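Reading through the structure tokens given below for one structure.
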Amino acid sequence: DWNAGNVIAEQVERIRAQIGDARVISALSGGVDSAVSTALVHKAVGDQLTAVFVDHGLLRKGEREQVEKDYVESTGVRLITVDAVDTFLGHLEGVTDPEQKRKIIGREFIRAFEKVQLDLIAEARESGEKVRFLVQGTLYPDVVESGGGAGTANIKSHHNVGGLPEDLDFELVEPLRTLFKDEVRAIGRELGIPEAIVGRQPFPGPGLGIRIIGEVTRDRLEILRDADAIAREELTAAGLDGDIWQCPVVLLADVRSVGVQGDGRTYGHPIVLRPVSSEDAMTADWTRLPYDVLSKISNRITNEVRDVNRVVLDVTSKPPGTIEWE
Ligand code: XMP
């Protein structure tokens, strides 16, 4: 029988055997996979591990604080935060193509991460140590969908596998490589990571950058962040988190439609709700959310978020639609 405690014990053994007394670094994304893989490695080798969190400005409301405060408190992980918001948004200026966005975000992420790595390597060298390992939160479905397992074609250039360049001089530590998401969550809970992190929906590495259809700007990010926070809040309040795999909230930034709000005509943007049910993100169905919950989300978003005057629901399964719009 599958048991989180056993998997943890087994992985801790393996990680210790792999890492020995070398140093290891890990990139936290704010998501479940990196949170759990990092906590596992920390449990195995303690402060031989340094975790790095890059704030690229494409995060959801409260995510940075959650990592810096709640995650660090619950795990004791040594964390370095890099504030790279200006750099990322600068490079994303004028970019609308989804794959281009992914490339830029991936590249800048690596650059930001590399800077910290160099500092850490220098620091380690002073004490005669070597940083040899890098933690990756690769899951089994990532392995399969990236063609590493069953040879499935790569549909988007996104998944965690191959997210960092091969020329980096690190050996990978991938303690989640044989696991599915629900198993990773069970392990996270067993490790004492707060429910707000462990229970959170999958969130793509490029973050809100691929949920703004069109150019990514500060202004648009703020709109989307507010709408997303409302949707998440209401879904949680309705007790629906367990029924939903994830619910991307998407801003159609280049689309405007006419509305009437207060006394006047408006010409604002639509927000798309994309709630999906899934086992592993390889296929998905749209979640039949209760109408009253949808209604509440729609009312709140159109009342509280500036420049949004319409909320629409995506009723497409995967296939043919991917979960994300980009
Ligand atoms: P799609 O949109 O391909 O998404 O149906 C499947 C799952 O992958 C997530 N996703 C990403 N994750 N980087 C990531 O780390 C990405 O570029 C990316 N694009 C999609 C998506 O949220 C869903 O869980």
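Read-outs: derived from the displayed coordinates by stated rules, not from any lab. In this text, all values refer to a predicted model and were calculated from it rather than measured experimentally. Every residue, glycine among them, receives a Cβ derived from its backbone with ideal geometry; neighbour counts consider all protein chains shown.
Note on segment 211-313: the C-alpha convex hull projects to 6.8 nm² when averaged across all orientations. The gain in end-to-end length when the Asp280 to Ala9 segment is fully stretched comes to 95.1 nm, 0.36 nm per residue minus the alpha carbon separation. Compute the angle between helix 98-126 and the longest alpha-carbon principal axis of the chain, please, reported from 0 to 90 degrees and rounded to the nearest 10. The answer is roughly 30 degrees. When restricted to Cα atoms, the chain yields an Rg and a Dmax of 20.2, 70 Å, respectively.
Assuming charge only on the beta carbon of Lys and Arg (+1) and of Asp and Glu (-1), the dipole of segment 211-313 about its Cα centre is about 360 debye to the nearest 20.
Using R0 = 45 Å, the C-beta based FRET efficiency linking Ala17 and Asp241 works out to 0.80. Distant-in-sequence amide contacts of Val95, defined by a placed amide H-H separation under 5 Å and a gap of 5 or more residues or a different chain, comprise Val216. Bridgeable lysines around Lys115 (alpha carbons under 22 Å apart, same-chain partners fewer than 8 residues away excluded): Lys101, Lys103, Lys130.
Taking each DSSP H run with n ≥ 4 as -39500 (n - 2.57) and averaging over every residue of the chain yields -12000 deg cm²/dmol at 222 nm.
Scanning residues 5 or more positions from Gly268 or on other chains, those with amide H under 5 Å from its amide H are Ser257, Gly259, Asn309, with H placed 1.01 Å from N in the peptide plane. Here's how it looks for Ala284: its modeled amide H is under 5 Å from those of Lys318, which are all 5 or more places away or on a different chain.
With θ taken as phi - 60° and the Karplus curve 6.51 cos²θ - 1.76 cosθ + 1.60 applied, the whole-hertz 3J(HN,Hα) list for segment 233-241 is 4, 6, 5, 5, 4, 7, x, 9, 4 Hz, x standing for glycine and proline.
Farthest towards the positive end of the charge dipole of segment 227-272, among the residues Ile271, Gly242, Gln261, is the Cα of Gln261, using unit charges on the Cβ of Lys, Arg, Asp and Glu.
Placing +1 on each Lys and Arg Cβ and -1 on each Asp and Glu Cβ, with no other charges, gives segment 4-198 a dipole about its Cα centre of roughly 200 debye.
Extension gain, Asp169 to Ile80, is 30.0 nm, computed as 0.36 nm per intervening residue step minus the present C-alpha separation. Treating r as the C-beta distance of Arg189 and Asp263 and R0 as 45 Å, the FRET efficiency rounds to 0.35.
For segment 16-111, the set of GluC sites (Glu not before Pro) satisfying both a DSSP loop assignment and a count of at most 14 other C-beta atoms within 10 Å is given as Glu93.
Fully extending the segment from Lys61 to Lys318, taken as 0.36 nm per residue of separation minus the present Cα-Cα distance, adds 89.8 nm.
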